[in-house]
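Okay, structure first, notes after.
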Amino acid sequence: MSTAYLRTLIDKRATITDAAVAVLDKCATAGTDPTPEQRSQLAKWDGDAKALDAEIAEIEAVVNGARRFADVANRAAAADEAAERRDAARRDTREEPTEVRSVGARFIESAEFKAYNGHGSSGRVEFADFLGIETRGAITTADANNPPYKWDGPAGPSAVTPFLGLIGREPVNSGSVDYLVWSEATGAAVVPEGGLKPEADLTTTPASATLDTIAYWKPITRQALEDYPRIRAIVEGKLRRGLALKLEELAAATLTGVTNTVVQEDLAGIREAIGEIQGAGYAANAVALNPSDFAALDIGILGSTTNGPSAYGTYWGARPVAVPGIPAGTAYVGDFSEGVTWFDRNTAGVYMTDSHADFFIRNQMLILAEQRAHFALTDAAALAKVTINALTPPVALSARSASK
């Protein structure tokens, strides 16, 4: 990126700052607090400013790196030119090297060999360097001309969070949200023509929530960013994966508020729970359960049927979904798009800066990942909890789940 683009970002940042200061000065002059619309606009400007700050810092680091590289390249070119001049001067002043001839060739050309008449004894010829040995330095792996290859390592798998795809998702534009929890409408009746119609029994319960900020960071040295070109992308991918897994864990934690409970063995409990959900007027779209329970149910089906489990099979129309955040021995059945709502402020943001503590003088960069969200049980009647009391999961999977 050119410095012109960097200047454009700096101008945008300055424009946002001037606009925010103008709003605050106007409120101060009037002696009033910012209106909700002004607060929303200030919050948007704040988010835009933070994003611009991160991009400006990243581009500034690239520009500075390019300048340092150009400086080093210029110095290297000047050094090469000086070395060529020195070599040319040496060639002009030194004598031509003497041709190196073998011992055999020198013996044939010697006067003693030429005077030999074919019989008797010839003169003795001696060569001082007859057993001379030429030596060379061994090539080692530390040779500057043969540096080791640097591999960034595997990027790692992407986050698999199927439970987040089941639940309802509501985008919000502020750090808090007010919402209503609705009951089912009951009381409908058959009435004669002209008769009084009954009033529906429908209630609402107001609720409010403050969004949580889920975040963490990882420091990386500038040298690592220079030596391993893909390291930032790998770290960013792993941070995003960790955020997604944490979000799914928080979403699954809301299920502890489900009060509809079925205690039954294996698939019988899941089928009974589906019936309860249907009786309440909902359509069960999934069965959420621990991965070890999911495996044990599949193994049980394999032993009791002829066609075995299927990767895309369902339990009476309800898709099974493995959720590590649900404890073993418990499953939840129902319409998760109605039962759980994800209030989502924004997508995961990843930022990089050296403006933290003494990171600048320590030549370190900080990569920060964060996301704002809140999960709520918005319709508990749409879900039922199944306590499985006769399930023996595979030992390996059970131990793995317990270790987590």
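When the residues of the range 341-364 are filtered to those that are of a type in the set (A, V, I, L, M) and either in contact (Cβ under 8 Å) with a residue 12 or more places away in the chain or crowded, with 18+ Cβ neighbours inside 10 Å (or both), the one that is farthest from residue 259 (Cα to Cα) is 352. Against the numbered list (1) aliphatic (A, V, I, L, M); (2) in contact (Cβ under 8 Å) with a residue 40 or more places away in the chain; (3) over 27 Å from residue 178 (Cα atoms); (4) part of a helix (DSSP H, G or I), residue 252 comes up short only at (3).
Across the range 29-44, the number of residues qualifying as surrounded by 10 or more Cβ atoms within 10 Å (Cβ to Cβ) and part of a helix (DSSP H, G or I) comes to 7. Checked against (1) surrounded by 12 or more Cβ atoms within 10 Å (Cβ to Cβ); (2) at pLDDT 90 or above; (3) touching an Asp or Glu at 6+ places or on another chain (Cβ under 9 Å), residue 231 passes all but condition (2). Can you name the residue in the range 153-168 that is of a type outside the set (A, V, I, L, M) and surrounded by 15 or more Cβ atoms within 10 Å (Cβ to Cβ) and is also modelled with the lowest pLDDT among such residues? Step by step, filter the range 153-168, then rank; the result is 161. Just one of (1) under 26 Å from the mean Cα position of the chain (by Cα); (2) modelled with pLDDT under 75; (3) of a type outside the set (Val, Ile, Thr) fails for residue 48. It is (2). Residue count for the range 191-230 under the criterion of being closer than 21 Å to residue 357 by Cβ and touching a residue at least 24 places away in the same chain (Cβ under 8 Å): the result is 11.
The one condition from (1) out of contact with any Phe, Trp or Tyr (no Cβ under 9 Å at 6 or more places or on another chain); (2) of a type outside the set (Ser, Thr, Tyr); (3) modelled with pLDDT of 90 or more that residue 358 does not meet is (3). Scanning the range 208-226 for residues that are touching a Leu at 6+ places or on another chain (Cβ under 7 Å) and hydrophobic (A, V, I, L, M, F, W, C) gives 214, 215, 217.
In the range 259-270, the condition of being out of contact with any His (no Cβ under 8 Å at 6 or more places or on another chain) and modelled with pLDDT of 90 or more is met by no residue. Residues in the range 365-375 that are in contact with a helix residue (DSSP H, G or I) (Cβ under 7 Å, 6 or more places away or on another chain) and either among the β-branched types (Val, Ile, Thr) or surrounded by fewer than 19 Cβ atoms within 10 Å (Cβ to Cβ) (or both): 367 only.
Would you check if there is a residue in the range 88-98 being at pLDDT below 75 and β-branched (Val, Ile, Thr)? There is at least one residue in the range 88-98 that is at pLDDT below 75 and β-branched (Val, Ile, Thr).
If you go through the range 175-228 and keep only what is at pLDDT 90 or above and of a type in the set (Lys, Arg), you end up with 197, 218.
Here is a yes/no grid of residues against (1) assigned to a strand (DSSP E or B); (2) outside the structural domain of residue 61 (by TED's automatic domain parsing); (3) under 17 Å from residue 346 (Cα atoms); (4) of a type in the set (Asp, Glu):
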{"residue": "173", "(1), (2), (3), (4)": "no, yes, yes, no"}
{"residue": "179", "(1), (2), (3), (4)": "yes, yes, no, no"}
{"residue": "194", "(1), (2), (3), (4)": "no, yes, no, no"}
{"residue": "208", "(1), (2), (3), (4)": "yes, yes, no, no"}
{"residue": "223", "(1), (2), (3), (4)": "no, yes, no, no"}
{"residue": "239", "(1), (2), (3), (4)": "no, yes, yes, no"}
{"residue": "244", "(1), (2), (3), (4)": "no, yes, yes, no"}
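Here residue 234 meets the list (1) out of contact with any strand residue (DSSP E or B) (no Cβ under 9 Å at 6 or more places or on another chain); (2) part of a strand (DSSP E or B); (3) not polar (S, T, N, Q) almost entirely, failing just condition (2). Once the range 169-184 is narrowed to residues that are among the hydroxyl-bearing types (Ser, Thr, Tyr) and closer than 20 Å to residue 43 by Cβ, the residue that is surrounded by the most Cβ atoms within 10 Å (Cβ to Cβ) is 179.
Looking only at the range 239-248, residues that are surrounded by 17 or more Cβ atoms within 10 Å (Cβ to Cβ), touching a residue at least 40 places away in the same chain (Cβ under 8 Å) and of a type outside the set (A, V, I, L, M) come to 3 in all.
The values are calculated or read from the model by the stated rules, or taken from the named source; none is laboratory data. These figures come from a predicted structure and were not determined experimentally. Neighbour counts run over all protein chains shown; Cβ positions are idealised from the backbone, glycine included.
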